[in-house]
Every structure is written in structure tokens, then in C-alpha cells.
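Here, each number is a calculation from the coordinates, and none is a lab measurement. Just so we're clear, the structure is a prediction, and the values are computed from it rather than from any experiment. When we count neighbours, we look across all protein chains shown, and the Cβ atoms used for this are built from the backbone with ideal geometry, even at glycine.
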Amino acid sequence: MKRSGRRNGVAVLRGVALLVGSAMLLFAAQGVTLAQSVQTRHLRDEVKNGEAKFVNRLPTTQSLRLNIALPLRNEAGLDDLLQKLYDPKSSLFHQFLSVQEFTARFGPIEQDYDAVVRFAEENGLRVTGTSENRMLVNVTGAVADIEKAFHVKMNSYKHPTESRNFYSADREPSTDLGVALWHITGLDNLSIPRPASLVKNAKQGPQATGSGPGGQFLGSDMREAYYGGTTLTGKGQSVGLLEFAGYNGNDVTTYFTNVKQPLTVVVTGVSTDGSSLGCTGGCDDTEQVLDIEVAISMAPGMSNVYVYVSDTSDVSIFNRMATDNKAKSLSCSWGWSPADPTSDDPIFKEFAAQGQNLFVASGDSGAFKKKSRFVYPADDAFVTSVGGTDLTTNGPGGPWASEIAWAGSGGGISPNNITIPSYQTASGVVTAANKGSRTLRNVPDVAAEANTDNYICYDGKCAGGWGGTSFAAPRWAGYLALLNQQSSGKGRGTLGFINPAIYGIGLGSSYATDFHDITSGSNGTYSTEKGYDLVTGWGSPNGVSLINALAP
């Protein structure tokens, strides 16, 4: 699972590196410091090609929050380790690393990390946070200091598709630091994260098979439909949720009171960059609390749900999830358009190395278009992308009866041009029937109920008619907590990144009994097919059968 663009031209790049290194030695001898480019892309195409019209310069005193990321050390060695960690034939299978072990082997060295901290402070930037894995430095600073530190100009531009202005650097950043940087988050706000899917359909009739008010589905209905047992509750496990706003804990309490179910799971808010954990007044906590309610309902005996909050920065949330390493099952129901879709990959690789799995909602706009916005991170190679279905149960609160594709289920070929991961290259995954790509990442991997027939409590009230893959992703996160409980109880530890195993099952003899293969419905461009498809992936979990297949 290599990033695209790293395999070709290696000899040429080595030659260039030798020339550049010689030039740097020469200039250093003459007392000249060369500006170094940051390794990932930052300049937005809309700015580069003039699609976004210049408005004015940002005020020099305006304060911005940035996250300065350093690159992995010995990434080739990490990639080799990941292959062994997920190869059942390897002696290292599922021998996951601790945060300390990962940092010692693959994190930036202390000297480089300390140099970045000094660089920030010497350029007038205030360091607001550091990280245990030495991969991220959080800073705030005035525009004037940011422009000086990174050799850019910060401008305001007219957004090409939204009724607002956005700010952006006018060129790729560079520094006089002398230490390589990976990415600088916060140099633009072209793409503001939004719930990847969240649909309210008040006109749709009630789902007759739900056990909630008016026949709507409750979270506990999903536990019965997709697990159907009682032994596993998620005991000893935790789920981590990514959120771009705070939440009101009273909404969660109200939900479980209204559905007459106990709430014993501890919900812990974690601000990753000083952002507020609360959500009152005009704040909308719909996405945030439904994620909590849904995950807990699937695994009601979990120890904790950690709600990781930042109002601006995905990387600060992901990195805190990694350095905490408390939740092995993670969920994200938000989407955005990154300047560089590889920018979070070092942290996603850390997830995999530490035995963590990230589920991401695939969205509710149907089939991806070439320039679809707000798809990422659902199309990243290191996440489990979750599509949507329309579920029918055998009576209110009853077991699974049937399932078809939800028309809004996000799916298709990566609009961010992310290279196809190795687990999708096996024969039988991409077929002429499912119209998948043999070169780019295909989405989704799995699916779960997402139709607009769900009951939740939010913003001080409760109602049905809600849907979207925002529900599907945390459902799978709760289901993985059950899997991890069983696996850990047998002394095997947690399962980590499940995609390699899922695709192995999909191509194996037990697929029909481990998954509900969805073969009816479409999301527009793509139709469901027997086996894998770009609407529902391999389908939804078939209760205890899939649990026993993944955690024997």
C-alpha cells in the first residue's frame, strides 16, 4: 500500500538528491541558508489556476492555528512491518506496537522535533501543543509571522462554489529550518469539514420493523440485526469518534432514557487543540451525539467512548487518537477536500501498526463524480469505508430479514486519485460487472443500515426520520468492539486494520455465511452485484458468523 508517485523515477530522484545535497554543502560553506520545500502539496488548484479570484491580503495581525507535521523515519521499514503484521503466515502477525515502540522505530528523532519547536518559537509562533510520537507541533501565530516563517503570502479569495471567501497561501511553503517537514495544516480554509452524510426526511413513512416511536429504528435494533447475540457487549473495549464540534451530554442521556435502556458507558470528551467540548445555544450537535448513541447501542458494555474534538484540524484529532491509543475502533462521519490526500497517511499507518482501525462514512450523495468534494477520508487506502443500506428486520426489534442498497450510498472510484491498495488487487474484487478501477482505490468496503428511518436525540429534542452513512460508520465501530472483545478474551489481542481480512473473507468459501451480500439497488452510476460492488462493498455483517470468522 504505497503512496502514488513514490515508485517511479527513484534513480532520477536519488541523482537529484545528490546534486541538491552538494549544492547545500557549498552554500552552507558560504554562510547561505537554502529554503526547503515541505514534502506534501499545499497550494490549492483553485488558487493556482485562477479559478478562485483574489480579494485582498489577510490582515497581518490576524491569528491562525497551524499544525506542523514531520515525516516518518524509515517509512520503507514501516511498510514492510505492516505487511507482516497483517499476514497470518508471518511470525509477527498481529504483534502490534505500542506508541513508544512506534515512535522509537519510525517517529522523527528528538533532535529534529526539538529543532521544529525552536524554529516555531524563533519565528514568533506560539507552541500550543506537542505530541508523544514527535510527529506534530501545534502552533498559533499572526499572519505576518506565518508569512515570514514559511515564505508565503496569505490572501483572501472568492470561493468558486460557496458563498464565502476563504484564505490561502499563495504558493507552496518553504522554510530555512534545515529539517524536513511533511505537511503544514491550516494554511487555507477552502474546504470546511461537514458531516459526510446526515439526512432528515420528514415525508418518508415510518419503517414498520423498527422498535422505536412510529416504527423507527433504534440503535439496539441494529445490535439485534447485525449481531443477534447477548454474550458480547464490548466489555473492556473503547471506541473513538472524530468530531469537528462539541456535544451536549444531556442529549445522549435523554436518548437512553427515552428508549428505556441503561447507559453505563463513560463518554469522555477530548479537545485536541483547545477547541470547545460543549455544544449549547445555537450549536448543532446532531452528528456528534448520534455517533455516540449509535456506537454505544451496538456495544452497550464498552468501557469508554472517547469524543475527539477540534473545530479546524483533522490531523490534530487523528494524531491524538494515535498517541492516546486507548480506542482500537475509531469512527469518522465527516468529509472534506484536503490539499494533499496523502497528508494523513503517516498517522493512518501508525493506526495500523498499533492495531487501530478507522471506519469512515462514504457519504450520502450517491456515486462519486470525478470532482466530488467532501469524499476524503473515505477513499483513503488505510481506512475502512462504510456505505449505506436499507434494512428490514423480522418484526420490531427482530433479527435481520432482508437488505437492499440505499440509493444515497456514497461509492465509486477515488476522486482524489488514491492508488488502489493491495487488498483490492486480488482477482475477483474488481470485475467488469461492478465497474471498479484496477488502478485507483474503490469505495466502499462494507455497509450498514442508513435509510432515513432512524430515531435519535439531538439539540435538546428527539425525532425519527434520520439517516445517512453517518449512522453506518459508528455502527461498524461498535461491531468491531464486539470483535475485539472476543479476540482479546481468547488472548489474541485486537484485530487492528481489518480490510485485508475482510477482502480475504469476501473472496473465500465462507463469504455467503459471514456477510449479507447486497444484490439489489444502486447509487446511480453503480449497481449492486454478487460479491464486491461500489455501492455496498462486501455488504453488512452477518452476526456471529463474521465475528467468528474474524476472531475465531
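For region 279-406, what's the relative contact order in percent, using C-alpha pairs closer than 8 Å and at least 6 residues apart?
Here the relative contact order equals 18 percent.
Projected onto the charge dipole of region 247-372 (+1 at Lys/Arg Cβ, -1 at Asp/Glu Cβ, origin at the Cα centre), which of A339, S372, S313 gives the Cα projection farthest towards the positive end?
S372
Out of region 84-166, which trypsin sites (Lys or Arg not before Pro) are coil in DSSP terms and have no more than 15 other C-beta atoms within 10 Å?
K89, K153, R164
Please give the net charge around T128, taking every other residue with its beta carbon less than 11 angstrom from that of T128, where Lys and Arg add +1 and Asp and Glu add -1.
Taking every Cβ under 11 Å from that of T128, the sum is +1.
Using θ = phi - 60° and the Karplus curve 6.51 cos²θ - 1.76 cosθ + 1.60, what whole-Hz ³J(HN,Hα) does each residue of region 109-117 get, with Gly and Pro shown as x?
6, 4, 4, 5, 5, 4, 5, 5, 4
Given Cβ point charges of +1 (Lys, Arg) and -1 (Asp, Glu) and nothing else, what value in debye, to the nearest 20, does the dipole of the chain about its Cα centre take? Display every interim value, and only then the final one.
Numbers: 45 positive and 51 negative charges, 170 e Å.
In debye, rounded to 20, the chain gives about 820.
With everything on Cα atoms, drop me the angle between helix 469-489 and the longest principal axis of the chain, reported from 0 to 90° to the nearest 10.
80 degrees
What shape does the chain take by its C-alpha gyration tensor, where a ≥ b ≥ c are the square roots of the eigenvalues and a/c under 1.5 counts as rounded, a/b above b/c as prolate, and the rest as oblate?
Prolate.
Once amide H atoms are placed 1.01 Å from N in the peptide plane, what residues at a sequence separation of 5 or more from R194, or on another chain, have their amide H within under 5 Å of its amide H?
G335
Using DSSP to define loop residues, name the trypsin sites (Lys or Arg not before Pro) in region 354-426 whose beta-carbon has at most 14 other beta-carbon atoms within 10 Å.
Answer in residue order: K369, K370, K371.
Counting Lys and Arg as +1 and Asp and Glu as -1, each charge on the Cβ, what is the dipole of region 385-466 about the Cα centre in debye, to the nearest 20?
Computed about the Cα centre, the dipole is about 360 debye.
Please compute the length gained on full extension between E121 and K89, using 0.36 nm multiplied by the number of residues separating them and subtracting their Cα-Cα distance.
Full extension of this stretch gives 6.7 nm more.
How far is helix 249-258 tilted off the main Cα axis of the chain, in degrees rounded to 10, range 0 to 90?
Helix 249-258 sits roughly 10 degrees off the main axis of the chain.
Could you give the distance between the Cα centres of region 39-118 and region 385-420, to the whole Å?
31 Å
Please list, in chain and number order, the residues 5+ apart from D170 or on another chain whose amide H is under 5 Å from its amide H, with Hs placed from the backbone.
Answer set, sorted by chain and number: K153, N155.
Given a Förster distance of 60 angstrom, what is the FRET efficiency for R164 paired with T425, based on the Cβ-Cβ distance and rounded to 0.05?
0.90
Suppose we keep just the DSSP beta bridges with both residues in region 194-550; what percent of those would be antiparallel, to 5?
The answer is about 40 percent antiparallel.
Length gain on complete extension for the stretch K530 to N189, per 0.36 nm per residue less the alpha carbon to alpha carbon distance?
Separation in residues times 0.36 nm, less the Cα-Cα distance, equals 118.6 nm.
Decide, for region 432-552, between rounded, prolate and oblate: order the square roots of the alpha carbon gyration tensor eigenvalues as a ≥ b ≥ c, take rounded if a/c falls under 1.5, and otherwise choose prolate if a/b is larger than b/c, else oblate.
Oblate, because a/c is 1.5 or more while a/b does not exceed b/c.
How much length is gained if the chain between A432 and F54 is pulled fully straight, taking 0.36 nm per residue apart and subtracting their Cα-Cα distance, in nm to one decimal?
Gain in length upon complete extension: 131.6 nm.
Between S409 and residues 5 or more places away or on another chain, which pairs have amide H atoms under 5 Å apart, with H built 1.01 Å from N, and which residues are they?
Result for S409 returns G366, G388.
Where does helix 345-354 land angle-wise versus the long Cα axis of the chain, in degrees 0 to 90, nearest 10?
So the helix axis and the longest Cα principal axis differ by about 50 degrees.
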